Amino acid sequence: MDEELWSAYDEMGDGYLRHAEDGPFNAEYDRPAVLSALAPVAGKRVLDAGCGPGLYVSALLAAGAEVVGFDASPAMVDLARTRAGTRARIDRAELGAALPYADQSFDLAVCALAIHYVENRVAAFAELHRVLRPQGALVVSTQHPTADWLRKGGSYFDRVLESDTWALPDGRRQQVRYWRAPLTDLCKAATDSGFVIDLLLEPRPTDRMRVSAPEDYARLQSQPGFLVLRLRRAA
């Protein structure tokens, strides 16, 4: 994960936590879909790859999992450690680089809205494959490549470093950069790393989003915003 991409999260700090904790795209769109695809987690050892401020860590702990998380952003690591306390181990590590975990040490892994910050997705998937046990699953969510292409234009098949500006709850505006690539590239990076695609999901928002963000809810009923993959480590 390139430093220039994850450093935006250091700049946002707890502003990102407030953005993601109750924001409709996170709370009523991404998290319900990802947790549903990952379940059941009770009694399982789960890795949260790119854990951000620890929102998934908290949800997984509440569901009965043993959780280890990591993030490239020191600010996010501090927030996740504060949130989890002694209930989970949180490390500073980077997607796409060597991870500080033994081979086949996790039953499940989740990588929510982080893979699009990684230039070398094959390397990221290969490390996640390495630390999963046989028949273990990795659930990945990312911005939908079609949605990004419709917003940004150009060729759908290009691999492009894009930029968005987020409005944070404290009134600040934050530039966030990420990689846009076609769906074929994402799937090939996963399968080239040894995974089998077990599920491809274009989620729908929860009914609560109809109330909290009606315009976004209506749009997500007609065009996808995010994409969820469940990947299986066959051997």
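The values are calculated or read from the model by the stated rules, or taken from the named source; none is laboratory data. This is a predicted model, so every value here is computed, not measured. All Cβ positions, glycine included, derive from the backbone under ideal geometry; neighbour counts span all protein chains shown. Protein only, heavy atoms only, side chains kept; ligands, DNA and RNA dropped before computing areas. Shrake-Rupley method; radii C 1.70, N 1.55, O 1.52, S 1.80 Å.
Look at (1) open to solvent by 30 Å² or more (accessible area, probe 1.4 Å); (2) in contact with a Cys (Cβ under 6 Å, 6 or more places away or on another chain) and you find that Pro74 fails only one, number (2).
Here's the yes/no breakdown for (1) open to solvent by 30 Å² or more (accessible area, probe 1.4 Å); (2) at pLDDT 95 or above; (3) out of contact with any Ser or Thr (no Cβ under 6 Å at 6 or more places or on another chain):
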{"site": "Asp170", "(1), (2), (3)": "yes, no, yes"}
{"site": "Gln174", "(1), (2), (3)": "no, no, yes"}
{"site": "Leu186", "(1), (2), (3)": "no, yes, yes"}
{"site": "Ala190", "(1), (2), (3)": "no, yes, yes"}
{"site": "Val196", "(1), (2), (3)": "yes, yes, yes"}
{"site": "Pro203", "(1), (2), (3)": "no, yes, yes"}
{"site": "Glu215", "(1), (2), (3)": "yes, yes, yes"}
{"site": "Ala218", "(1), (2), (3)": "yes, yes, yes"}
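Residues in segment 31-43 that are in contact with a Gly (Cβ under 9 Å, 6 or more places away or on another chain) and crowded, with 20+ Cβ neighbours inside 10 Å: Val41 alone. Selection of segment 221-233 for residues being in contact with a strand residue (DSSP E or B) (Cβ under 9 Å, 6 or more places away or on another chain) and open to solvent by less than 50 Å² (accessible area, probe 1.4 Å) yields Gly225, Phe226, Leu227, Val228, Leu229, Leu231, Arg233.
Check segment 153-168 and report whether any residue there is in contact with a Leu (Cβ under 8 Å, 6 or more places away or on another chain) and touching a residue at least 24 places away in the same chain (Cβ under 8 Å). No, that holds for no residue.
For Gly15, only one of the following conditions fails: (1) part of a helix (DSSP H, G or I); (2) open to solvent by less than 50 Å² (accessible area, probe 1.4 Å); (3) at pLDDT 95 or above. What is its number? Every condition holds for Gly15 apart from (3).
Part of a helix (DSSP H, G or I), under 20 Å from the mean Cα position of the chain (by Cα) and either under 18 Å from Arg31 (Cβ atoms) or among the charged types (D, E, K, R) (or both), is that true of Asp198? Against the criterion (part of a helix (DSSP H, G or I), under 20 Å from the mean Cα position of the chain (by Cα) and either under 18 Å from Arg31 (Cβ atoms) or among the charged types (D, E, K, R) (or both)), Asp198 does not qualify.
Scanning segment 18-30 for residues that are farther than 19 Å from His116 by Cβ and open to solvent by 50 Å² or more (accessible area, probe 1.4 Å) returns Arg18, Glu21, Asp22. Of the residues that make up segment 100-111, is at least one touching a strand residue (DSSP E or B) at 6+ places or on another chain (Cβ under 9 Å), open to solvent by less than 30 Å² (accessible area, probe 1.4 Å) and modelled with pLDDT under 95? Scanning segment 100-111, I find no residue that is touching a strand residue (DSSP E or B) at 6+ places or on another chain (Cβ under 9 Å), open to solvent by less than 30 Å² (accessible area, probe 1.4 Å) and modelled with pLDDT under 95, so the answer is no. With respect to the conditions (1) over 29 Å from Arg18 (Cα atoms); (2) out of contact with any Asp or Glu (no Cβ under 6 Å at 6 or more places or on another chain); (3) charged (D, E, K, R), Arg130 lacks only one, and its number is (2).
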